[in-house]
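What follows is a set of notes on a single structure, which appears directly below.
The values are calculated or read from the model by the stated rules, or taken from the named source; none is laboratory data. Treat the numbers as computed from the prediction; the structure is a model and nothing was measured. So basically every Cβ, Gly included, is an ideal-geometry build from the backbone, and we count neighbours across all protein chains shown. Heavy atoms of the whole protein, side chains included, go into the accessibility calculation; ligands, DNA and RNA do not. Shrake-Rupley method; radii C 1.70, N 1.55, O 1.52, S 1.80 Å.
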Amino acid sequence: MGSDRTQGLTARLIAALLALAAPAAAQETGWNYSPLPGEGDRATLGCALESTRDSFTCLAVRCEDDFNIGVHIYTSRPQGNVGDWAITVDKETRMFSAEASKPYGAKLVGDYSWVTTNLLNGAVAYLEPADGSAMPANHIPLDGSLYAINRALAFCAPRIPDPVEPKAAPGV
């Protein structure tokens, strides 16, 4: 009887340890590596305070496949992420459009250099859909964004070609 109890306890302990060791694709508050499959260190995800796996508002900054910088909107809104958005950083608001894009749902289009610059240097960001629909918590602190974004965008740094040795003229 004692061995059955020990085996049951051991099995529950192993199951609990495996659950703790499994990676979770949760959206954590603040700036972190993106937990989405295949993203790794090429993208950073900045999520609002009180974001959870089920209710979140995030901005992703990533090095795109063509080595350009992309800014993506990633939320748990039932209406999705495509459309026009008001993005506020440190009390200055600008409007941007987002088109469908994987893996986050929507990518800003047009000139969004203002967003990138202000995410690097600001204190807080807010996202509001232009249609006025409800949002999960949307207060995105920018503490640590400079480091996280620069770390992710290191892969977008200009490629320096190998130096070419000058060829000597014939007879030299």
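Annotations for the structure displayed:
- Only residues that are in contact (Cβ under 8 Å) with a residue 40 or more places away in the chain and not β-branched (Val, Ile, Thr) were counted in segment 107-123, giving 2.
- Condition check for Arg62: out of contact with any Asp or Glu (no Cβ under 8 Å at 6 or more places or on another chain) and either in a loop (DSSP other than H, G, I, E, B) or under 28 Å from Ala157 (Cα atoms) (or both): no
- Candidates Asp90, Asp41, Asp65, filtered to the one that is of a type outside the set (Ser, Thr, Tyr) and free of Cβ contacts under 8 Å to residues at least 12 places away in the same chain: Asp65
- Scanning segment 39-50 for residues that are open to solvent by 20 Å² or more (accessible area, probe 1.4 Å) and within 21 Å of Tyr147 (Cα to Cα) turns up Gly40, Asp41, Arg42, Leu49.
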